[in-house]
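Have a look at the structure below, then the notes.
Taken together, the values in this text are just the output of simple stated rules run on the coordinates, not laboratory data. Because the structure is a prediction, the values reported are computed rather than measured. Positions of Cβ are generated from backbone atoms using ideal geometry, with glycine treated the same way; all protein chains shown enter the neighbour counts.
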Amino acid sequence: MTRHGLGIQEFLELRTWTVFDVDDSGRVQHDDGGNERAQLSLLSLDPLPAGPVGLDELTPLVHDPEHIHTLVDVGPGTVAYSTNRLNVIQ
């Protein structure tokens, strides 16, 4: 249930999301122009967007266009994600 009284399915039915996966807290997993390198961003839901939004209306959360990031879980003040970026320690 969103804080606006809508279930996430009802919210998504009101909007057309073509390249975004969005949860009820505004966390968005998306690519950039079809490059299939998922990034994580935040979408303000207060107020609800009046129509479809573009990448310029998202606040970056985890961005590195050379790598893929997948939202795994969320908790109070915590976001868990996986990435294909390697840690290089020398």
Hits in region 25-34 (condition: assigned to a loop (DSSP other than H, G, I, E, B) and either touching a Gly at 6+ places or on another chain (Cβ under 9 Å) or in contact (Cβ under 8 Å) with a residue 12 or more places away in the chain (or both)) | 25, 26, 31, 32, 34
Please work out which residue is farthest from residue 82 (Cα to Cα), limiting yourself to region 50-63 and to residues that are surrounded by 13 or more Cβ atoms within 10 Å (Cβ to Cβ) and out of contact with any Asp or Glu (no Cβ under 7 Å at 6 or more places or on another chain).
-> 53
Residues being assigned to a loop (DSSP other than H, G, I, E, B) and either within 16 Å of residue 25 (Cα to Cα) or of a type outside the set (D, E, K, R) (or both) - total across region 35-85 | 22
